[in-house]
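Just so it is clear, none of the values below were taken in a lab; they were calculated from the coordinates. All figures in this text were calculated on a predicted structure; none of them were measured in a lab. Here Cβ is always computed from backbone atoms with ideal geometry, including for glycine, and neighbour counts include all displayed protein chains.
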Amino acid sequence: MVTVSTRDGAVTVAYELVRGMVGVQVDRDGLAALRLLDNPGYELARRVMACSDVAYHETMVALRGEWEDSAIMGPELTGALPTVADLDAARARLDQL
């Protein structure tokens, strides 16, 4: 399982390879801060999705590495999985929140 949080720790998402996103935790102080924004529901959703994207990409990049190292799957199949560059882009989006 992978867990990813926003920089301020207001939102944390737990993600599993088979089941996908399995949990979301919103810190009480973080929720209070979001309520001060113009559109708190939208902002909360952005943070949850950004955390989920990073968790997904971390999981898939790790899986891709395992498959490439063990030669279980050829490049024609692993090539469709996210790359480290995709993970870095997801992390950059999360860092902007």
For the pair Ala92 and Arg28, what calculated FRET efficiency results from E = 1/(1 + (r/R0)^6), where r is the Cβ-Cβ distance and R0 = 25 Å, to the nearest 0.05? 0.35
Computed D for the range 35-80, Stokes-Einstein, Kirkwood radius over alpha-carbon pairs, 37 °C, 0.692 mPa s, to the nearest µm² per second, is 258
Report, as a whole number in µm² per second, the diffusion coefficient that Stokes-Einstein gives for the chain at 20 °C and 1.002 mPa s using the Kirkwood radius over alpha carbon pairs. 150
Relative contact order, percent, of the range 43-97 when contacts are C-alpha pairs under 8 Å separated by at least 6 residues? 49
Helical contribution to [θ] at 222 nm, DSSP H n ≥ 4, -39,500 (n - 2.57), averaged over the chain, rounded to 500: -18000 deg cm²/dmol
Tell me the net charge near Asp53. Cut-off is 13 Å between Cβ atoms, Asp53 excluded, with +1 for each Lys or Arg and -1 for each Asp or Glu. 0
Test of understanding: in a Gaussian network model of the chain with alpha carbons linked when under 10 Å, which of Arg64, Arg35, Arg47 would top the mean-square fluctuation ranking? Arg35
Kindly express, to the nearest 10 degrees and within the range 0 to 90, the angle between helix 84-95's C-alpha long axis and the longest C-alpha principal axis of the chain. 0
